[in-house]
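Okay, structure first, notes after.
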Ligand SMILES: C[S@@+](CC[C@H](N)C(=O)[O-])C[C@H]1O[C@@H](n2cnc3c(N)ncnc32)[C@H](O)[C@@H]1O
């Protein structure tokens, strides 16, 4: 009988860059966790104007940003802790000037000057960060606005 080695599949590894690098080598296509842009579009369009400077944290190999650009978004900076994911996405979208990909740990965003972004979208990345685990209940979509944080609560309530 074949037993599956589940030791590397527990959520404790979700904050580990090596875990994600290994996973993205094995699963090289594209994959959107939880929801695709089409399902989230009403909330995103309601809260984020297409001219916003958007930061997408823990982008992985999702097509969310690509779909947002197709929908008119002009500037999306995507970051992820996985070098494998970022290299893959940089190659895939090298001809799409609206999207940038940077390898970065979201726990240290000092690379960006203050007020670099109008909106930050986190889809699924929060599960990798135990201290913000509670965000998972919000369908793992979180949008933070510096000037309009009340909108975050509108979204949360509408999703619950
Ligand atoms: C569950 S996946 C979600 C991927 C994508 N956002 C989606 O919705 O399909 C979590 C992602 O967060 C990334 N991640 C985990 N910890 C991170 C950290 N500290 N900084 C940046 N990205 C991180 C992982 O590499 C992985 O791509």
Residue under evaluation residue 20, criteria (1) farther than 22 Å from residue 108 by Cα; (2) in contact with a strand residue (DSSP E or B) (Cβ under 8 Å, 6 or more places away or on another chain), criterion not met: (1)
Residue count for the stretch 58-100, restricted to those that are within 21 Å of residue 44 (Cα to Cα) and within 14 Å of the ligand (Cβ to nearest atom): 17
Residues of the stretch 72-83 classified as surrounded by 14 or more Cβ atoms within 10 Å (Cβ to Cβ) and over 18 Å from residue 124 (Cα atoms), total: 3
Residue check, residue 76 modelled with pLDDT under 90 and in contact with a helix residue (DSSP H, G or I) (Cβ under 7 Å, 6 or more places away or on another chain): no
Candidate set: the stretch 23-45, residues that are in contact (Cβ under 8 Å) with a residue 60 or more places away in the chain and either more than 9 Å from the ligand (Cβ to nearest atom) or in a helix (DSSP H, G or I) (or both); chosen: the one surrounded by the fewest Cβ atoms within 10 Å (Cβ to Cβ): 28
Residue in the stretch 61-68 that is buried (at least 18 other Cβ atoms within 10 Å of the Cβ), modelled with pLDDT under 95 and not in a loop (DSSP other than H, G, I, E, B) present: no
Residues within the stretch 1-38 that are modelled with pLDDT under 90 and more than 19 Å from residue 78 (Cβ to Cβ), tallied: 14
Residues that are outside any helix (DSSP H, G or I) and within 22 Å of residue 15 (Cα to Cα), drawn from the stretch 82-103: 82, 101, 102, 103
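The values are calculated or read from the model by the stated rules, or taken from the named source; none is laboratory data. Note that the structure is a prediction, hence the values are computed from the model and not measured. Using ideal geometry, Cβ is built from the backbone for each residue, glycine included, and neighbour counts are taken over all protein chains shown.
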